[in-house]
Amino acid sequence: MRGRVVGRGRLRAVLIRIRSRSRLIGDAMFLKLYCIALPIFFGLDMVWLGVAAKNFYTKQIGFLMTPKVNWAAAILFYLLFLAGLVVFVIAPAVEKDSWVRALLFGALFGLITYATYDLTNLATLKDWPLVLTVVDLTWGMVLAGSVSVGTYLIASKIGL
């Protein structure tokens with residue numbers, strides 16, 4: 001019986017923390033952080049995909065690539081990825097006033113999210129290159145960490 005009471009107490013504490021976090025990152029704060037993160041993310045990823053690694057991806061998986069980008073799917077990915085980054089990484093880093101937290105948790109978020117795609121492909125697709133998986137996971141970490149720190153620094157500078 002005593003274990004149940006402790007369990008309920010812990011559950012209640014978790015629910016209170018979730019409620020307080022949702023109050024902390026209200027709609028206005030979410031939108032502000034999102035609007036800061038969006039151009040940083042888009043700019044960095046466009047430089048990576050369009051310039052720095054364009055030939056790399058073509059060499060590794062050119063046989064799978066479509067000549068025409070599905071922009072609706074790409075934009076949906078950006079919108080969802082950034083929403084997760086703001087909710088799970090950037091807002092908590094702003095709350096804790098810690099750029100180190102933004103960097104570390106941003107990199108972890110990037111690793112996990114990019115691993116979902118790359119490791120699934122590595123596990124299920126014939127001839128999916130291991131080197132592509134390693135490079136893409138590294139890029140996911142660098143991208144999400146950079147966007148998180150950049151957004152945190154701008155938000156701190158403007159007093160969010």
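Need one number: nm distance between label points at L38 and I154, each 7 Å from Cα along Cα→Cβ, rounded to one decimal.
1.1 nm
Going by how many other beta carbons lie within 10 Å of each one, how would you line up I158, I61, fewest first?
Sorted ascending by nearby Cβ count, the order is I158, I61.
Convert each backbone phi in the range 78-86 into a coupling constant with the Karplus relation 6.51 cos²θ - 1.76 cosθ + 1.60 (shift: θ = phi - 60°), then list the ³J(HN,Hα) values in order as whole Hz, x for Gly and Pro.
Per residue, the Karplus-derived 3J(HN,Hα) values read 4, 4, 6, 4, 5, 4, x, 4, 5 Hz.
Which whole-percent values make up P(r) of the range 95-136 when all C-alpha to C-alpha distances are grouped in 10 Å steps starting at zero?
Values per bin, smallest distances first: 28, 38, 21, 12, 2.
Among the lysines, which fall within straight-line cross-link reach of K68, defined as a Cα-Cα distance under 29 Å, with same-chain neighbours fewer than 8 residues apart omitted?
K54, K59, K126
Given the Cα-Cα distance of L79 and L111 and 0.36 nm per residue of separation, how much length would full extension add, in nm?
Answer, rounded to one decimal: 9.8 nm.
Extending each Cα 7 Å along its Cβ direction at T138 and L122, get the distance between those two points in nm, one decimal.
Going from the T138 label point to the L122 one covers 1.3 nm.
So how do S148, S156 line up by other beta-carbon neighbours within 10 Å, fewest first? Could the numbers behind the result be given before it?
Working: S148 30, S156 14.
Fewest-to-most ranking of S148, S156: S156, S148.
Among I90, I61, I36, which residue has its Cα furthest toward the positive end of the charge dipole of the range 26-157, with +1 on Lys/Arg Cβ and -1 on Asp/Glu Cβ?
About the Cα centre, the residue reaching furthest to the positive side is I61.
Show me the ranking of peptides 65-75, 131-141 by mean Cβ neighbours inside 10 Å, starting with the highest. Provide the component values of the computation, followed by the final result.
Numbers: 65-75: 8.5, 131-141: 17.3.
Final packing ranking: 131-141, 65-75.
If the cut-off is 24 Å between C-alpha atoms, which lysines fall inside it for K157, apart from same-chain ones fewer than 8 positions away?
K32, K96
Just so you know, all these numbers are worked out from the coordinates, no wet-lab data involved. These figures come from a predicted structure and were not determined experimentally. Note that we place each Cβ from the backbone using ideal geometry, even for glycine, and neighbour counts take in every protein chain shown.
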